[in-house]
Amino acid sequence: QVQVVESGGGLVQAGGSLRLSCGASGRIFTINPMAWYRQAPGKQRESVAVITRGGSTIYADSVKGRFTISRVNGKNTVYLEMSNLQPDDTAVYYCTIEVGSRTYWGQGTQVTVSS
């Protein structure tokens, strides 16, 4: 079994910063892409950022230049550094990892940005 746990969410004022962390544990040999998604109230879940095992990254247009995804392969950990946060960034943020042919999701962490 694989467990994925996020942390680091919270309440921040517009223009502020937060760092989300996600750790994976369990029967893991190799983690392929790791990613962050978010879901705002009343909206569909959307991809925020993806990072491959080799370090290549893809960002949603809405977060380019403000968010940075990174990972530590030896620790099965992925981070999301978020700066210049805006109220539209308010959402539950989810971490996902791909192990073999399966995708595992964390339980989510709430990020709230006040104006």
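The values are calculated or read from the model by the stated rules, or taken from the named source; none is laboratory data. Please read these numbers as outputs of a predicted model, since none were measured by experiment. All Cβ positions, glycine included, derive from the backbone under ideal geometry; neighbour counts span all protein chains shown. The accessibility values were calculated without ligands, DNA or RNA, using every heavy atom of the protein model including side chains. Shrake-Rupley method; radii C 1.70, N 1.55, O 1.52, S 1.80 Å.
Considering the stretch 71-110 alone, what residues qualify as being modelled with pLDDT of 95 or more, closer than 29 Å to G15 by Cβ and open to solvent by 50 Å² or more (accessible area, probe 1.4 Å)?
If the condition is that a residue be modelled with pLDDT of 95 or more, closer than 29 Å to G15 by Cβ and open to solvent by 50 Å² or more (accessible area, probe 1.4 Å), then E81, N84, Q86, P87, D88, Q107, Q110 are the ones that fit.
Within 14 Å of the chain's Cα centre (by Cα), open to solvent by 70 Å² or more (accessible area, probe 1.4 Å) and among the hydrophobic types (A, V, I, L, M, F, W, C): which single residue out of V48, V5 fits that description?
V5
Every residue in the stretch 65-92 that is over 14 Å from the mean Cα position of the chain (by Cα) and of a type outside the set (A, V, I, L, M), please.
The answer is G65, N73, G74, K75, N84, Q86, P87, D88.
Go through T68, T30 for me and flag whichever is among the hydroxyl-bearing types (S, T, Y), within 28 Å of G100 (Cα to Cα), open to solvent by 50 Å² or more (accessible area, probe 1.4 Å) and modelled with pLDDT under 95.
Result: T30 is the single residue among T68, T30 that is among the hydroxyl-bearing types (S, T, Y), within 28 Å of G100 (Cα to Cα), open to solvent by 50 Å² or more (accessible area, probe 1.4 Å) and modelled with pLDDT under 95.
State which residue is farthest from D89 (Cα to Cα) when the search covers only the stretch 56-65 and only residues that are open to solvent by 40 Å² or more (accessible area, probe 1.4 Å) and either of a type outside the set (V, I, T) or modelled with pLDDT under 95 (or both).
So the residue we want is S56.
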